[in-house]
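Peer 1: Questions regarding the structure given below will be posed in turn.
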Amino acid sequence: MQSERARALTRRWLDEWPRAAAASARDADGCHPRHTFFYPAEEYDADCVAMLAELTAAGWGEVEVHLHHRHDTAAGLAARLTAFRDTLRARHGLLGSDAAGRARYAFIHGNWALCNSRPDGDWCGVNEELGVLQSTGCYADFTFPSAPSPTQPRTVNALYRAVDRPGRARGADRGKPMRADGGGARAGLPILQGPLALDWVRRKAGVLPRLDTGELSGVNPPSPRRAGLWSDLRIGVRGRPDWAFVKLFTHGCVPANAEVLLGAPLRDLYARLAEWGVSDERPRVHFASAREFYNIARAAEDGCPGDPGAYRDYEIGRPVAQAGYPHEASASVVKLFPREVRA
């Protein structure tokens with residue numbers, strides 16, 4: 001019954017997302033909105049992933065790795081990630097590739113417990129998780145923010161590189177900011193965070209501000225006002241203030257959320273964002289998948305000039321299933337959209 005429900009929800013995305021994305025406004029590069037599906041490895045269903053592979057092959061989406069695990073070991077985690085990575089690539093033609101042709105993936109940790117970050121040690125068990133991720137081909141983590149969960153790192157509203165603290169949990173708490181140094185040290189796994197803002201309009205009990213974590217859902221629908229909160233944080237690579245990034249997230253197969261993501265609320269937001277790009281006083285907007293977000297951030301680190309939209313495939317190439325699909329016609333699914341801010 002659970003598999004049947006999952007397939008029905010995925011079928012809805014397969015049927016409705018192309019129409020919703022095609023009906024949305026295009027960005028500064030002429031691209032439609034793009035969504036990244038972080039698929040839970042422990043719930044792998046070949047039929048569901050095959051449907052997402054159809055979206056990917058047609059240029060409507062990309063698939064990355066999500067995982068819920070508990071009481072795990074480093075060896076067990078590595079085996080699980082490797083097996084799922086290889087299944088996505090060999091069976092479905094998914095995941096991007098590096099210059100050597102190796103499958104690479106982005107990651108979101110279930111229950112936000114990256115590096116065993118829950119105080120009770122549940123929903124992970126692996127302190128040295130960052131190293132395991134890198135050794136199995138992960139190019140970046142997209143888990144955070146997680147506030148008000150205690151798993152929230154001490155570092156907020158940043159793009160940074162973190163390393164494990166051997167024998168200790170919470171390796172992602174702190175790290176070195178990604179910097180536009182044109183080729184400096186690149187140690188650590190990139191932690192690409194979304195916005196964590198105080199919303200003084202939607203107050204709790206009319207007094208305390210609510211936290212805005214970039215969630216798009218039935219109870220937290222998108223709005224131009226929220227987009228202003230996100231963009232004002234100016235999350236980005238140090239030394240490149242003209243490129244700012246906004247990473248959004250959702251649980252897309254929750255029916256109440258799907259109504260927002262596949263309906264008018266998200267289309268209206270995209271339309272307003274696209275309007276920003278036609279004014280010299282507002283930023284140009286670039287919709288991006290998780291892979292493209294990382295590539296643009298890497299290009300910023302390397303000091304690349306010009307427009308960020310030129311670096312969508314900078315380091316990690318497109319999924320095999322999407323090879324040769326033109327960006328100009330693409331309408332992938334999105335969690336994130338970086339924006340260029342004119343100085």
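The values are calculated or read from the model by the stated rules, or taken from the named source; none is laboratory data. The structure displayed is predicted, hence computed values, not measured ones. Please note: Cβ atoms are built from the backbone with ideal geometry, for glycine as well, and neighbour counts cover all protein chains shown. The accessibility values were calculated without ligands, DNA or RNA, using every heavy atom of the protein model including side chains. Shrake-Rupley method; radii C 1.70, N 1.55, O 1.52, S 1.80 Å.
Peer 1: Report the net charge of residues surrounding residue 110, where surrounding means a beta-carbon distance below 13 angstrom and charges are Lys +1, Arg +1, Asp -1, Glu -1.
Peer 2: -3
Peer 1: Let me ask something else. How big is region 205-256 in terms of Cα radius of gyration and Dmax, in angstroms?
Peer 2: Cα only, region 205-256: 13.5, 41 Å (Rg, Dmax).
Peer 1: Can you classify region 235-302 as rounded, prolate or oblate using the Cα gyration tensor, where a ≥ b ≥ c are the square roots of its eigenvalues, rounded means a/c under 1.5, and otherwise it's prolate if a/b beats b/c and oblate if not?
Peer 2: It is oblate, given that a/c is not under 1.5 and a/b is not larger than b/c.
Peer 1: In debye, nearest 20, what is the charge dipole magnitude of region 1-48 about its Cα centre with +1 on Lys and Arg Cβ and -1 on Asp and Glu Cβ, if you could check?
Peer 2: Result for region 1-48 is approximately 220 debye, rounded to the nearest 20.
Peer 1: Rounded, prolate or oblate for the chain? Axes are the square roots of the Cα gyration tensor eigenvalues, ordered a ≥ b ≥ c, and the cut-off for rounded is a/c under 1.5.
Peer 2: rounded
Peer 1: In what sequence, largest accessible area first, do 286, 71 appear using a 1.4 Å probe?
Peer 2: The ranking, largest first, comes out as 71, 286.
Peer 1: I want the local charge near residue 95. Using Cβ-Cβ distances under 15 Å, sum +1 for each Lys or Arg and -1 for each Asp or Glu among the other residues.
Peer 2: On the way: positive: 85, 89, 91, 102, 104, 291, 318; negative: 62, 64, 86, 98, 292, 313, 315.
Charge balance near residue 95 sits at 0.
Peer 1: Sticking with this one: Determine, for each peptide in 220-227, 139-146, 170-177, 27-34, the mean count of other beta carbons within 10 angstrom over its residues, then list the peptides with the highest first.
Peer 2: Going from most to least packed, we get 139-146, 27-34, 170-177, 220-227.
Peer 1: Tell me the carbon and sulfur percent of the accessible area for the chain, rounded to whole percent, probe radius 1.4 Å.
Peer 2: Details: 7350 of 13920 Å².
Ligands and nucleic acids excluded, carbon and sulfur reach 53 percent.
Peer 1: While we're looking at this one, here's another question. Restricting to DSSP H runs of at least four residues, report the calculated mean residue ellipticity at 222 nm for the chain, -39500 (n - 2.57) per run over all residues, nearest 500 deg cm²/dmol. Please report the intermediate quantities before stating the final value.
Peer 2: Details: 8 runs with 100 residues, N = 343.
Roughly -9000 deg cm²/dmol at 222 nm, from the helical runs in the chain.
Peer 1: What size of dipole, in debye to the nearest 20, comes out for region 19-128 about its Cα centre when the only charges are +1 on Lys and Arg C-beta atoms and -1 on Asp and Glu C-beta atoms? Please report the intermediate quantities before stating the final value.
Peer 2: On the way: 11 positive and 15 negative charges, 49 e Å.
That gives a dipole near 240 debye.
Peer 1: Hydropathy first: keep DSSP H helices in the chain averaging at least -0.5 on Kyte-Doolittle, then drop any whose Cα extent along the axis falls short of 20 Å, and list what survives.
Peer 2: Those that pass (Cα extent of 20 Å or more, hydropathy at least -0.5) are 74-92.
Peer 1: Separate question: Using protein chains only and a probe of 1.4 angstrom, how many square angstrom of residue 42 are accessible, to the nearest 10?
Peer 2: Accessible area, nearest 10 Å²: 80 Å².
Peer 1: Could you give the radius of gyration (one decimal) and Dmax (whole number) of the Cα atoms in region 15-153, in Å?
Peer 2: 16.2, 47
Peer 1: Next question. Provide the per residue accessible area, probe 1.4 Å, for the chain, rounded to a whole number of square angstrom.
Peer 2: Solvent-accessible surface per residue comes out at 41 Å².
Peer 1: Indicate the gyration tensor shape class of region 97-248 (rounded, prolate or oblate), computed on the Cα atoms with a ≥ b ≥ c the square roots of the eigenvalues: a/c under 1.5 is rounded; otherwise a/b larger than b/c is prolate and the rest oblate.
Peer 2: Oblate, since a/c reaches 1.5 and b/c is not below a/b.
Peer 1: Next up: Could you rank 112, 17 by how accessible they are, 1.4 Å probe, largest area first?
Peer 2: From most accessible down to least: 112, 17.
Peer 1: Can you tell me which of 57-70, 120-133 comes out highest on packing, and rank the rest after it, using the mean Cβ neighbours within 10 Å?
Peer 2: So the peptides 57-70, 120-133, ranked by packing, come out 57-70, 120-133.
Peer 1: Treating the beta-carbon of each Lys and Arg as +1 and of each Asp and Glu as -1, no other charges, what is the dipole magnitude of region 141-255 about its Cα centre, to the nearest 20 debye?
Peer 2: Around 300 debye, computed over region 141-255.
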